[in-house]
Amino acid sequence: MQIAQAKELNITVGFSHFPPWQITKKGDLVGGIDKMVLNALQEELASEHDIRLHINYYYCPLKRCLAMMQTGQLDMKTGLLRQPEREWYVYFITPPYQRYVHKALYVHKDGPSNISTYNAMKTLKIGVTRASVNFPEFDQDKLIEKVKVNGTRNGLRMLSAKRFDAFLGSELVTDYFIRKDRLGKEIRKASYKYKKENPGYFGIAKKSPLSQYLPQLRSAMKAIVEKGYVQLAEDQVLFFSP
């Protein structure tokens with residue numbers, strides 16, 4: 001009886017700098033949630049489907065990564081939102097590895113307490129990242145004074161300096177920078193949160209040879225999501241990464 005040989009595939013995966021999902025250093029992908037999930041996907045494909053991926057990582061801003069997926073220069077990109085204009089050149093690996101985004105409110109340790117409702121935010125001056133989409137009620141509320149800042153990290157530094165009363169940010173990203181910059185003694189998280197569905201996917205270029213293995217990719221992603229590997233990756237990056 002002839003034993004089937006494993007399929008060996010050389011692929012190029014695009015990445016950007018977007019901690020804690022994609023963490024880079026000097027242009028190299030050195031860690032992050034996406035890298036850990038991709039490692040788990042790689043192992044699942046090898047052990048359960050006899051597909052061995054040999055990965056070359058390529059740094060590119062999101063817009064360039066998407067252009068390269070259109071031509072097939074990139075085989076895969078992590079951290080993609082499923083948008084209609086992308087459907088013609090990207091297969092999205094279901095299920096999504098990220099389902100929700102929590103928007104959380106952060107205050108200075110000497111700042112206001114007991115912020116547990118939306119109405120309690122109305123008297124505050126709140127920092128938000130420039131061009132961010134938070135949630136409709138907040139974004140359209142003209143009564144709340146909002147201060148636009150360049151990035152989460154800068155917003156936290158301004159909150160630490162008491163430039164505004166609170167900062168509204170994506171919980172996972174904001175928690176990461178609070179720990180990384182050792183701001184935990186100065187900044188605390190209020191009890192108010194807003195949870196919204198915002199699925200994130202791994203995408204495969206339709207022009208990539210990898211696209212013929214879409215059923216196996218979806219099966220492998222389903223397995224690692226159900227086994228809790230994504231939550232494990234989040235916890236490890238938030239609490240144990242340097």
Exercise. Have a look at Tyr58, Tyr89 and point out the one that is more than 23 Å from Thr152 (Cα to Cα), aromatic (Phe, Trp, Tyr), under 21 Å from the mean Cα position of the chain (by Cα) and in the same structural domain as Gln216 (by TED's automatic domain parsing).
Key: Tyr58
Quiz item: When segment 118-140 is examined, which residues are found to be surrounded by fewer than 14 Cβ atoms within 10 Å (Cβ to Cβ) and either more than 22 Å from the chain's Cα centre (by Cα) or of a type in the set (Asp, Glu) (or both)?
Solution: Asn119, Lys122, Thr123, Lys125, Glu137, Asp139, Gln140
Self-check item: Filter pass, Glu226 being farther than 22 Å from Val30 by Cβ and touching a Lys or Arg at 6+ places or on another chain (Cβ under 8 Å)
Solution: no
Exercise. Restrict the check to segment 19-28 and report whether at least one residue is in a helix (DSSP H, G or I) and closer than 21 Å to Ala205 by Cα.
Key: no
Quiz item: In this structure, does Val37 turn out to be in contact with a Ser or Thr (Cβ under 8 Å, 6 or more places away or on another chain) and not acidic (Asp, Glu)?
Solution: yes
Quiz item: What do you reckon, is Leu105 more than 21 Å from Gly200 (Cα to Cα), at pLDDT 95 or above and not assigned by TED's automatic domain parsing to the domain that holds Gln236?
Solution: yes
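The values are calculated or read from the model by the stated rules, or taken from the named source; none is laboratory data. Nothing here was measured: the structure is a model prediction, and the numbers come from that model. Note: ideal-geometry Cβ built from the backbone for every residue, glycine included; neighbour counts use all protein chains shown.
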